[in-house]
Amino acid sequence: KISGKKQDKFWLTIAIACNADNSVKFEPLFIGKVARLQCFYGCSPEQHSYYYKNNKNVWMTSNFFEE
């Protein structure tokens with residue numbers, strides 16, 4: 001611990017969805033604060049079979065849901 005330094009807070013929302021009989025499964029949707037994740041530099045999230053969106057509050061919005 002370093003005195004005088006705030007602890008980092010990392011928030012992530014994960015949306016996982018399917019239909020009632022589980023015949024259609026959607027790829028996971030991760031929602032974070034940053035526009036581009038540093039851990040996947042040089043490749044897109046879609047190449048790793050998931051979707052990533054960002055917004056300031058890390059909330060699921062109606063726009064994300066419709067997409």
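Numbers for the structure displayed
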| read-out | value |
| --- | --- |
| Solvent-free Debye scattering, log10 I(q)/I(0), computed from the Cα coordinates of the chain at q = 0.23, 0.25 Å⁻¹ | -1.07, -1.16 |
| Which of Ser44, Ser3 is most accessible, then next, and so on - probe 1.4 Å | Ser3, Ser44 |
| Cβ-based net charge around Lys9, under 14 Å, with every Lys or Arg adding one and every Asp or Glu removing one | +3 |
| Proximal charge balance of Asn54 [Cβ under 9 Å; K/R count +1, D/E count -1] | +4 |
| Chymotrypsin sites (Phe, Trp or Tyr not before Pro) within the chain: DSSP coil, no more than 11 neighbouring Cβ in 10 Å | Phe10, Trp11, Phe26, Tyr41, Trp59 |
| Net +/- balance of residues flanking Ala35 in space, Cβ distance below 13 Å, scoring K and R +1, D and E -1 | +4 |
| Structure-based [θ]222 nm, the chain - -39500 (n - 2.57) summed over DSSP H runs of at least 4, per residue, nearest 500 | -1500 deg cm²/dmol |
| Total lysine pairs whose alpha carbons fall under 20 Å of each other in the chain (8 or more apart, or interchain) | 9 |
| Of Phe10, Val58, Ser23, farthest towards positive along the dipole that unit charges on Lys, Arg, Asp, Glu beta carbons give the chain | Phe10 |
| Test item: Cα-centred dipole of the chain, Lys/Arg +1 and Asp/Glu -1 on Cβ, debye | 660 |
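The values are calculated or read from the model by the stated rules, or taken from the named source; none is laboratory data. These figures come from a predicted structure and were not determined experimentally. All Cβ positions, glycine included, derive from the backbone under ideal geometry; neighbour counts span all protein chains shown. These accessible areas exclude ligands, DNA and RNA; they are computed on the full protein's heavy atoms, side chains included. Shrake-Rupley method; radii C 1.70, N 1.55, O 1.52, S 1.80 Å.
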